[in-house]
Amino acid sequence: MQIESLKMFCDLVETESFTKAAQINGVTQSAISQQMSSLERIFKSLLIERSKKQFRLTREGQVFYDYSKQILQSYDSLHSRMQELKDIISGSIRVSTIYSIGLHDLPQYVSRFMKSYPTVNVNVQYRRANQVYDDVLSNVVDLGLVAYPVKDPKLEITALRKEPLVLICHPQHPFAKLKSVKLKALAGQNVIGFEPDVPTRKALDKILKEHDVAVKYVMEFDNVDTVKRAVEIDAGISIVPQVTITQEVAKHTLVPVPFADGDFFRPIAAIHKKNKVLSPALKQFLAILKTSA
């Protein structure tokens with residue numbers, strides 16, 4: 001029995017999916033099944049109740065999982081400590097991020113990190129917010145990047161920065177001539193919004209409600225790039241993080257208008273599982289993410 005077998009078992013338990021466990025470990029589903037059968041033969045115990053309707057550990061399986069996690073954490077701590085003693089920063093980092101952060105904020109930090117640590121492989125997946133949380137909790141990735149982080153007893157949240165929110169409009173829109181705009185002016189306007197379950201949309205709806213402003217959502221999308229394209233054809237106005245419109249402002253296809261009512265921000269954060277042993281590479285990556293642009 002090898003440490004890899006224990007990791008496969010824990011990944012299977014935490015994802016409740018042979019497909020995901022195989023994906024995480026870079027093997028086939030058949031290989032995962034064979035490893036589980038091998039563990040059950042070694043310990044002469046049924047560890048998993050195999051059913052198409054549900055995934056459930058047996059009593060022996062739960063004990064095996066608890067001890068396997070302890071062994072894996074000790075192994076990760078040992079591996080991390082040995083790298084620190086040798087001053088080695090290498091390996092890989094798996095990141096799951098929402099689109100707006102991954103496409104517009106993250107690249108500059110990955111570039112800085114790779115210049116300092118070229119032997120580390122940074123793998124980035126672009127996901128919806130709920131999928132980022134699932135990826136982190138199921139150990140599909142090492143780190144998640146989200147906006148408006150949601151507290152969870154299983155997660156460690158590291159605040160990174162607050163991104164200014166601005167109104168954007170087409171260059172020919174009446175708002176484009178204004179130096180600033182009050183939220184009240186948005187009442188009755190055609191608005192291009194994020195889909196209702198997107199955290200940024202929920203936060204914006206709360207802001208508008210607090211200021212007693214009712215808008216008319218004419219289009220709703222799950223990512224900021226599609227929102228911007230709709231505003232560029234003058235289908236409506238929108239509110240987005242300022243960091244996401246740098247190129248459009250430079251090309252004069254969108255006009256940003258600050259709010260006269262005050263500054264509004266979108267908090268972004270990094271998340272990882274609690275009690276996760278952070279490799280030297282992951283520690284350095286988090287340190288760079290926390291620095292100013």
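Read-outs: derived from the displayed coordinates by stated rules, not from any lab. From a predicted model like this one, the values you see are computed outputs, not experimental measurements. Don't worry about glycine lacking a Cβ; one is built from the backbone with ideal geometry, like all the others, and counts go over all protein chains shown.
With 10 angstrom as the radius, rank Met82, Met36, Met219 by how many other C-beta atoms surround their C-beta, starting from the fewest. Write down the numbers at each step before the final one.
Values: Met82 11, Met36 20, Met219 15.
Going from sparsest to densest Cβ surroundings: Met82, Met219, Met36.
Summing charges over neighbours of Ala260, with a neighbour being any other residue whose Cβ is under 15 Å away from its Cβ, gives +2 when K and R count +1 and D and E count -1. Over the chain, DSSP H runs of length four or greater, each weighted -39,500 (n - 2.57), average out per residue to a 222 nm ellipticity of -13000 deg cm²/dmol. As a proxy for reagent exposure, ranking Glu60, Glu248 by other Cβ atoms within 10 Å from fewest up yields Glu60, Glu248. As a length-normalised measure over Cα pairs under 8 Å and 6 or more apart, the relative contact order of segment 3-85 settles at 26 percent. Note on the chain: GNM, Cα springs under 10 Å; of Val141, Val132, Val213, the largest mean-square fluctuation is that of Val213. Sorting His252, His79 by the number of Cβ atoms found within 10 Å of their own Cβ, with the fewest placed first, yields His252, His79. Only Cα pairs under 8 Å and 6+ residues apart enter the sum, and on that basis the relative contact order of the chain stands at 22 percent.
When DSSP assigns beta bridges and you keep just the ones with both residues in the chain, what percent turn out antiparallel, to the nearest 5? Mind dumping the intermediate values first?
Working: 23 of 41 bridges.
Close to 55 percent.
Amide H contacts of Gln125 (H built 1.01 Å from N, in plane; Pro and chain starts excluded): Val95, Ser96, Thr97 sit under 5 Å, all sequence-distant by 5 or more or on other chains. The lysines within cross-link reach of Lys151, meaning a Cα-to-Cα straight distance under 29 Å and a gap of 8 or more places when in the same chain, are Lys7, Lys20, Lys69, Lys162, Lys202, Lys206, Lys209, Lys273, Lys274, Lys276, Lys283, Lys290.
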